[in-house]
Amino acid sequence: MNIKLGIIGFGGMGKWHEKNATCVDGIEIKAICDIDPTKIISIEEKGYQIYRSADEMIEKADINTVLLTLPNHLHKEMTIKAANAGLNVIDEKPAALNVKEFDEMIESVEKNNVFFTVHQNRRWDRDYQIVKKLVTEKELGDVYTIESNLHTANGRIHEWHLYKKYGGGMMYDWGVHLIDQAMQMMKGAKLLTIFADIRSIINDEVDDYFNITLKFDNGVTYHIELGTYFLKYQPRWLAAGNRGTVYINSFGCDGGIVRTSELLNKLPARIAETIAGPTRQFAPQPSGVLYEDPLPEVETEWTDFYKNVVAAVNGREEPLIKVSEVREVLSIMEAIFQSSEMNQSISLE
C-alpha cells in the first residue's frame with residue numbers, strides 16, 4: 001500500500017517534510033492544510049489538495065495517512081480525530097505534552113487499528129550516530145561519561161514556541177530529541193537517577209536553558225546541556241572511556257578520538273611548574289604520548305525514517321520509533337520537570 005499523505009500544519013517542519021518525504025518511493029503527498037494562507041502560496045502549483053481546516057481535510061481529502069506538524073498542544077486532539085477517521089498518524093515530536101495525553105492517543109490508535117509513529121529525526125544525525133557507534137562498539141573502552149551539549153547565541157525563541165500554553169520551550173522542542181538520543185545510546189542499561197536544572201534566562205515564559213544528569217547502571221553518567229544564550233559554545237559531544245576520548249565540536253562533525261600510546265600510570269611522576277604552581281597530576285603529557293585518530297564514517301540518511309514508515313505500514317518491518325520508546329521519553333521528561341521544580345535528584349529504582 002502506498003502512503004497517501006496529508007500534512008496538517010505547513011510551517012517550517014511541514015515544509016521540511018514536504019521536501020523530504022517525496023524523495024521516498026511509496027509516499028505521495030496528496031493534501032496540505034494550514035490556517036495561514038500565506039504559508040501555502042509557494043506550493044499551489046504542485047497540484048496538492050489545499051485545505052484551511054484540519055477537520056475538513058480529515059473528512060474529505062484523498063489520503064490514508066496524516067502527518068501532524070502542529071503546535072504541541074494540538075497533537076493529542078488531532079491524533080485522536082485522525083485515528084477515529086481510520087487514518088494512519090505520523091506525529092511530530094513531542095507526541096504529547098505528558099504521559100496521560102499520550103496514553104489517551106494510543107488508546108484511540110489501538111481501538112481504530114491504525115498505524116502510529118513519531119518523527120524522531122535526530123536519531124539519524126551524523127554526529128550522534130558517530131558517538132553511538134564508538135560507545136556501543138566499545139571503541140573508547142568502558143565509557144564513564146558522555147556530554148551532549150547544544151549551545152547557541154540566538155537567544156529569543158521563535159513563534160509559538162515562546163508560549164507555555166502551546167507547549168513551547170526548549171525542553172519540548174529539543175529536549176525530547178536529546179533525551180531520546182541518550183536512551184537509544186544507553187539501550188540495555190537501566191536509568192537509575194535524574195537531576196535537572198531548567199531555567200528561563202532571557203525568555204519570559206518558557207525554558208531556554210536546561211542541564212540534566214542521567215545516571216545509568218552501566219556506570220555511565222550522561223550529561224545534557226542546552227542553552228539558547230551561550231556566547232561561547234562547548235563541544236557538541238564529549239565522551240570518555242578508559243581507552244580513549246571522543247570530541248565533536250559541531251553538527252559538522254569536526255573532531256577526533258584522542259588516545260594514549262602508553263598507560264599513563266606507567267609514566268614517571270614528575271613535578272611540573274605551571275601558571276597555577278607545581279603539580280604532578282595535571283602536568284602536561286610528554287610529547288608523543290597522546291595522539292588523535294579520525295572519527296569513523298557512518299551511513300545515515302534522514303529519509304530512512306520515511307522508508308521505514310512505508311515498510312512498517314505494509315508489514316515488512318517493525319517501526320523504528322516504537323510507542324514504548326516515545327512513552328519512556330515522555331515519562332523521563334516528567335521526572336526532569338519534577339527534579340528541577342523540587343531541586344533534588346529523582347530515583348527511578
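Could you work out how far helix 323-342 tilts from the main Cα principal axis of the chain, as a 0 to 90 degree angle to the nearest 10?
Helix 323-342 sits roughly 60 degrees off the main axis of the chain.
Quick one: Cα centre-to-centre distance for segment 180-202 and segment 304-349, in angstrom?
One Cα centre to the other: 12 Å.
Enumerate the calculated ³J(HN,Hα) couplings along segment 100-107 in order (Karplus 6.51 cos²θ - 1.76 cosθ + 1.60, θ = phi - 60°), each rounded to whole Hz, writing x wherever the residue is Gly or Pro.
Couplings: 4, 4, 4, 4, 5, 5, 5, 4 Hz.
When the convex hull of the Cα atoms of the chain is projected onto a plane and the area is averaged over all directions, what value comes out in nm²?
Averaged projected area of the chain's Cα convex hull equals 20.7 nm².
In Å², what does the accessible area per residue of segment 12-113 work out to with a 1.4 Å probe?
For segment 12-113, the solvent-accessible area averages 46 Å² per residue.
What is the angle, in °, between the Cα long axis of helix 126-136 and the longest principal axis of the Cα atoms in the chain? Nearest 10 is fine, range 0 to 90.
In the chain, helix 126-136 runs at an angle near 60 degrees to the longest axis.
On the accessible surface of the chain, probed at 1.4 Å, how many percent belong to carbon and sulfur atoms?
49
What does the charge count near Thr69 come to, summing +1 for each Lys or Arg and -1 for each Asp or Glu among other residues with Cβ under 12 Å from its Cβ?
Local charge sum for Thr69: -1.
Suppose we keep just the alpha-carbon trace of segment 188-254; what are its Rg and Dmax in angstrom?
14.5, 44
Give me the extension gain from Ser42 to Gln234: residue separation times 0.36 nm, minus the current Cα-Cα distance, reported in nm with one decimal.
Answer, rounded to one decimal: 65.3 nm.
Would you mind working out the accessible area per residue for segment 181-273, using a 1.4 Å probe, and quoting it in Å²?
Averaged over the residues of segment 181-273, the accessible area is 51 Å².
Compute the orientation-averaged projected area for segment 1-124 from the convex hull of its Cα atoms and round it to one decimal in nm².
7.4
Could you work out which residue, out of Ser331, Ser108, Ser42, moves most in a Gaussian network model of the chain, that is, has the largest mean-square fluctuation with Cα springs under 10 Å?
In the Gaussian network model the winner is Ser42.
The values are calculated or read from the model by the stated rules, or taken from the named source; none is laboratory data. A quick note: this is a predicted structure, and the numbers were derived from the prediction, not measured. Cβ atoms come from the backbone with ideal geometry, glycine included; neighbour counts cover every protein chain shown. Note: areas computed on protein heavy atoms with side chains; ligands, DNA, RNA excluded. Shrake-Rupley method; radii C 1.70, N 1.55, O 1.52, S 1.80 Å.
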